[in-house]
Amino acid sequence: MRTLIKNGTILTAIDEFIGDILIEDEKITAVGEQLEATVVEIVDAKGKYVLPGGVDQHVHYSFEFKGERVRGFETSHAAVAGGTTTVVEFVNQEEGKGMADSIFDMDKNEVSDQAMADYSYHAVVCDPVDKTFEEIADLPNRGISTVKLFMAYKGMPIHSDDEALYKALKAAKEAGVTVMVHCENADVIDLLQKDLVAEGKTDPYYHAVSRPARVELEATQRVINLAAMVGAPVYIVHVTAKSVMEAIRSAKNEGLPVYGETCVQYLMLDENDLAKPNFEGAKYVMSPALRTKDDQEALWKAVDNGWLNAISTDHCGFDWESQKHMGADDFTNIPNGAPGVENRLGILWTYGVNTGKLSRQRFVDLFATTPAKNMGLDHCKGHIGVGMDADIVLYDPNVSSIISNENSLHGVDYSSFEGYKQEGKVDKVFLRGKLMVDDGEFIGEKGDGKFIHGEPFALCFDDIKSTKELKGV
């Protein structure tokens, strides 16, 4: 099967040119001008931007909170419809199981026949015993290149203390596994939550009051120091605040291999959204909490300058009516998280590229190229080039629309960006050469997505010269 995409404006993280792309089976086999091929389907992309399929390195399709669960991979077509062809899912270690077994049992039972985007996995530590940390050495053999620890949830299985962080960093350093950390001071959050509830301050807005930026900053500084003691790289997920970004930037400037991402919502939404009346604020309860307009501007500057190297979504599909209302009388019972995987491209293009906050090349880097590198997926994802998977998005910049949950595929009853303008339209999407979206409509099938092996010693290890030097730190 051959497809020739002609006359489009091809965008990469470093280049922009009008040209053609030849797809044979699942791979890109040629990129150039005026390409020709026999027995081929021709797609005219004139007037459209041709992008590599997006890589969202931070999604939740299996997260549970107090007995409630998010929408799963049966809604992953929302990612593809929004131009994201690869997602990386966090899988919590199950009681009595290793991390890899937890992942691949779920893959077999819930994902492999449902996924409509390609996918990889992060392991999540939930049983911080020596056996768990010993398992990290084998994760790359199973195609898992990252492990995540949470500092934020006191009393919950996913919470990790400093000892667990230290042990995980030490084991991961040797294995070439990237440690990702959710940084918030759980003890302080727990105290603040109890005080606020006791004072009758139970509305969604107090979620942000209970999780101020300093609890994120303190935990970030702490894990940076722990990583420095071990001599390991560390990746800080979903950075929300200027002060936290500056801590990461300072560590990097000191020569430490410290990296971080932010998410679309932290660039677009702020703490005032939590104060919306009639419990609408619950839609914006996520952790860490939304911050200020000043923080937004600092984060835009950070992603443009490379101080944070990716923009994810932390997509987490809980219903507002049936699930978020668990916390109608107590904000601590509101399931954390919000949908967003379908809107990442459109929001970043409209409010990043078209406002001059991001160049088109920087957008591609943050949306696809560097996330693939972070996850050890850049052997086949995140770039338009010969030998890469034919994950390609045709984006029409001449169409505008209003984001509405009515037209969304993410399977929950609200959109984080309801009423926002989107400039441009995802016109076509190819996943490994298969047309999945045509004229903006998803036409793929369940099971079209496949597991992609992540390679160890990914981007976060680049500042460390060699494995030998790493072991000698």
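The values are calculated or read from the model by the stated rules, or taken from the named source; none is laboratory data. These numbers come from a predicted model, not from an experiment. Virtual Cβ from ideal backbone geometry, glycine too; neighbours counted across all protein chains shown. Surface areas here come from the heavy atoms of the whole protein model, side chains and all, with no ligands, DNA or RNA. Shrake-Rupley method; radii C 1.70, N 1.55, O 1.52, S 1.80 Å.
Screening the range 385-440 for residues that are among the polar types (S, T, N, Q) and open to solvent by 50 Å² or more (accessible area, probe 1.4 Å) and picking the one that is nearest to the chain's Cα centre (by Cα) gives Asn407. Based on what the data block shows, is Lys324 open to solvent by 10 Å² or more (accessible area, probe 1.4 Å) and either in contact (Cβ under 8 Å) with a residue 40 or more places away in the chain or touching a Lys or Arg at 6+ places or on another chain (Cβ under 8 Å) (or both)? Against the criterion (open to solvent by 10 Å² or more (accessible area, probe 1.4 Å) and either in contact (Cβ under 8 Å) with a residue 40 or more places away in the chain or touching a Lys or Arg at 6+ places or on another chain (Cβ under 8 Å) (or both)), Lys324 does not qualify. Contact map, the range 120-137: first residue closer than 20 Å to Gln57 by Cβ, second residue open to solvent by less than 60 Å² (accessible area, probe 1.4 Å) and among the acidic types (Asp, Glu), Cβ cut-off under 8 Å, separation 6 or more or different chains; pairs are Ser120/Glu89; Tyr121/Glu89; Tyr121/Asp107; His122/Glu89. Among the residues of the range 248-306, those that are of a type in the set (S, T, N, Q) and open to solvent by less than 20 Å² (accessible area, probe 1.4 Å) comprise Thr262, Gln265, Ser287, Gln296.
Residues in the range 201-247 that are open to solvent by 10 Å² or more (accessible area, probe 1.4 Å), in contact with a Lys or Arg (Cβ under 8 Å, 6 or more places away or on another chain) and among the hydroxyl-bearing types (Ser, Thr, Tyr): 1 in all. Criterion applied to Asp162, Asp107, Asp118 was being out of contact with any strand residue (DSSP E or B) (no Cβ under 6 Å at 6 or more places or on another chain) and open to solvent by less than 50 Å² (accessible area, probe 1.4 Å), and the one residue passing it is Asp107. Scanning the range 141-155 finds no residues that are touching a helix residue (DSSP H, G or I) at 6+ places or on another chain (Cβ under 8 Å), without any contact (Cβ under 8 Å) to a residue 40 or more places away in the chain and assigned to a helix (DSSP H, G or I). Counting the residues of the range 1-36 that are open to solvent by less than 30 Å² (accessible area, probe 1.4 Å) and touching a Lys or Arg at 6+ places or on another chain (Cβ under 6 Å) gives 3. Counting only residues that are among the small types (Gly, Ala, Ser) and under 17 Å from the mean Cα position of the chain (by Cα), how many does the range 244-289 have? The number of residues fulfilling the criteria is 3.
Scanning the range 281-320 for residues that are without any contact (Cβ under 8 Å) to a residue 24 or more places away in the chain and over 15 Å from Gly352 (Cβ atoms) yields Thr292, Lys293. Residues of the range 165-179 that are open to solvent by less than 70 Å² (accessible area, probe 1.4 Å) and part of a helix (DSSP H, G or I): Leu165, Lys167, Ala168, Leu169, Ala171, Ala172, Lys173, Ala175.
If you go through the range 92-105 one residue at a time, do you hit one that is more than 18 Å from His182 (Cα to Cα), more than 22 Å from the chain's Cα centre (by Cα) and touching a residue at least 60 places away in the same chain (Cβ under 8 Å)? Yes, the range 92-105 contains a residue that is more than 18 Å from His182 (Cα to Cα), more than 22 Å from the chain's Cα centre (by Cα) and touching a residue at least 60 places away in the same chain (Cβ under 8 Å). Across the range 69-108, the number of residues qualifying as of a type in the set (S, T, N, Q), in a loop (DSSP other than H, G, I, E, B) and either farther than 29 Å from Asp130 by Cα or at pLDDT below 95 (or both) comes to 1. Please tell me if Thr332 is free of Cβ contacts under 8 Å to residues at least 40 places away in the same chain and open to solvent by 30 Å² or more (accessible area, probe 1.4 Å). Taking the combined requirement at face value, the residue does not satisfy it.
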